[in-house]
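This report concerns only the one structure given below.
The values are calculated or read from the model by the stated rules, or taken from the named source; none is laboratory data. It should be emphasised that the depicted structure is a prediction, and the values quoted were computed from it without experimental measurement. Cβ atoms come from the backbone with ideal geometry, glycine included; neighbour counts cover every protein chain shown. Just so you know, the surface numbers come from the protein's heavy atoms only, side chains and all, with ligands and any DNA or RNA stripped out. Shrake-Rupley method; radii C 1.70, N 1.55, O 1.52, S 1.80 Å.
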Amino acid sequence: MSVDISKVAVIGGGVLGAQIAIQTACFDFSVSVYDPDEQAFDKAVQNFKSIMSVLGKGPVVSLEDWEQSIKKVRIVTSMEEALIDADLVIEAVPEDLELKRRVFTQIDALTPLKAILATNSSSIPISKIEDVTQRPEHCLNLHFYMPVAGNNLVDIMGGSQTTDSTMEAGKQWIRSIGCIPLTVKKEIFGFCFNRVWRSVKREVLHMWAEGFVDLRDIDRAWMVSFGMDSGPFGLMDMIGIDVTYNVENSYYKDTKDTRDKPPVALKDMVERKELGVKTGKGFYTYPDPEYAKSDFLKG
Ligand code: NAD
């Protein structure tokens, strides 16, 4: 059965959920967002603007169209209202398997059976969630990369029963919102390019936490070598140190391998609320991080 996607619901309107919703609205889909924190969407918009200003970039569409698209996103105060006639639901709540399973149970009960249910998880395969729904054949991973407007990649991966038509509908929809699908052919924790990024992240976090190098040298090398606007530490500040910590923990819970355990120093940053761009301090300080200054690359 093919699914025509015209109405999209995003559950969790934080950093990523808000960006996904705005990107969706930019391409003229109807989109609703539910988040129990009524300030979440506005905070995420501000956070996104700060990231764009640090990177000196704009969204994919003109700034004017982007601002208009924000107004098209329908912010609702109940999950039911967001889901009532959705064709595609994207869950973007924090990276915690039990929370995602609970939220998927609620979503499944409130959404038409033909609708596709996707998780934006950064690591957890949908096969660990799909069994709480009555439609595992319509469940999949859609993992957006940060920032959604400047880096339009989306990993797409099916679960144990996802049909080809669900995957195809997912891929078509990704393209229809100006993004590039990266298809995972066989289930793997971390998906496609995100798993590559994760192995870089694990390595650099340990090099930093164990005092081998100055994190700025890693970022400098990354920026010079690959021509990027930021290095891995700058990127983690954009993603959010809390999100990074949760994702690293999710890998550790899956493998139980101590080499996957996130460094204590990262947890300490979360406890000190040094969460990156969203709190003004992470590995760098914002709005004017050192790596964005003209002489940073000189060392
Ligand atoms: P976030 O903390 O900014 O947002 C999560 C939002 O979910 C919060 O606003 C919170 O209020 C809301 N929420 C919590 N419980 C909820 C519930 N029961 N129902 C509805 N909303 C609820 O986190 P984020 O960075 O947006 O990450 C969300 C998901 O996206 C995570 O799985 C994360 O791993 C993934 N992700 C994040 C990034 C990134 O760069 N930040 C990139 C790709 C994927």
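Roughly what angle does helix 97-110 make with the longest principal axis of the chain, taking Cα atoms, 0 to 90 degrees, to the nearest 10?
For helix 97-110, the angle is close to 30 degrees.
Any aspartates and glutamates with Cα under 12 Å of the Lys72 Cα? List them, leaving off those in the same chain fewer than 8 positions away.
Asp28
Can you give the net charge of the other residues whose Cβ lies under 12 Å from the Cβ of Ile75, counting K and R as +1 and D and E as -1?
Numbers: positive: Lys71, Lys72, Arg74; negative: Asp35, Asp37, Glu38, Asp42, Glu81.
Its environment carries a net charge of -2.
Just to confirm my numbers, what's the Cα centroid distance between the range 13-86 and the range 209-245 in Å?
Using only Cα atoms to place each centre, the spacing works out to 26 Å.
Could you work out how far helix 15-26 tilts from the main Cα principal axis of the chain, as a 0 to 90 degree angle to the nearest 10?
With rounding to tens, the tilt is 60 degrees.
Measure nothing fancy, just the Cα-based angle from helix 193-209's long axis to the longest principal axis of the chain, in degrees from 0 to 90, nearest 10.
That helix lies at roughly 30 degrees to the long axis.
Putting +1 on Lys and Arg Cβ atoms and -1 on Asp and Glu Cβ atoms, find which of Leu142, Ser32, Ile84 reaches farthest to the positive end of the dipole of the range 15-171.
Checking the options against the dipole of the range 15-171, the answer is Leu142.
Pop out the carbon and sulfur fraction of the accessible area of the chain as a percent, whole number, probe 1.4 Å.
Carbon and sulfur together cover 52 percent of it.
If you average 1/r across every pair of different Cα atoms in the chain and take the reciprocal, what Kirkwood value do you get, in Å?
Values: mean 1/r = 0.0512 Å⁻¹.
Hydrodynamic radius (Kirkwood, Cα pairs) of the chain is 19.5 Å.
Report, in deg cm²/dmol and to the nearest 500, the calculated mean residue ellipticity at 222 nm for the chain, where each DSSP H run with n ≥ 4 adds -39500 (n - 2.57) and the sum is divided by the residue count.
-13500 deg cm²/dmol
How would Lys128, Lys261 rank on accessible area, largest to smallest, probe 1.4 Å? Write out the running numbers ahead of the final one.
Working: Lys128 80, Lys261 100 Å².
Solvent-accessible surface, decreasing: Lys261, Lys128.
Quick one: of Lys201/Lys267; Lys7/Lys57; Lys186/Lys256; Lys49/Lys298, which pairs are farther than 18 Å apart, Cα to Cα?
Lys7/Lys57; Lys186/Lys256; Lys49/Lys298
Enter the Cα centre distance for the pair the range 144-198 and the range 253-278, rounded to the nearest angstrom.
Cα centres, the range 144-198 to the range 253-278: 25 Å.
Could you list, bin by bin from short to long, the percent of Cα-Cα pairs of the range 126-284 in 10 Å steps?
Calculated over all Cα pairs of the range 126-284, the distribution is 10, 33, 34, 19, 4 percent.
Relative to the Cα centre, what is the charge dipole magnitude of the range 83-139, using +1 at the beta carbon of each Lys and Arg, -1 at the beta carbon of each Asp and Glu, and rounding to the nearest 20 debye?
That gives a dipole near 60 debye.
What does the charge add up to near Ile124, with Lys and Arg as +1, Asp and Glu as -1, over the other residues with Cβ less than 14 Å from its Cβ?
Summing Lys and Arg as +1 and Asp and Glu as -1 gives -3.
Label points 7 Å out from Cα along the Cβ direction at Gln39 and Leu63: separation in nm?
Here the answer is 2.6 nm between the modelled labels.
Which percent, to the nearest 5, of DSSP beta bridges fully inside the chain are antiparallel?
So the antiparallel bridges amount to about 25 percent of the total.
For the chain, which span is the longest to avoid every loop-located (per DSSP) member of GluC sites (Glu not before Pro) having at most 16 other Cβ atoms inside 10 Å?
The longest such stretch corresponds to 39-186.
When the dipole is taken about the Cα centre of the chain, and only Lys, Arg (+1) and Asp, Glu (-1) are charged at their Cβ, what size is it in debye, to the nearest 20?
Using Cβ point charges on Lys, Arg, Asp and Glu, the chain gives about 460 debye.
Over the chain, what is the relative contact order in whole percent, taking alpha-carbon pairs under 8 Å and six or more residues apart?
Numbers: 540 pairs, mean separation 46.0, N = 299.
Averaging sequence separation for qualifying contacts and normalising by length gives 15 percent for the chain.
Run the quick spin-label model on Phe226 and Asp4: label points 7 Å from Cα toward the beta carbon, then report their separation in nm to one decimal.
Between Phe226 and Asp4, the label points sit 4.1 nm apart.
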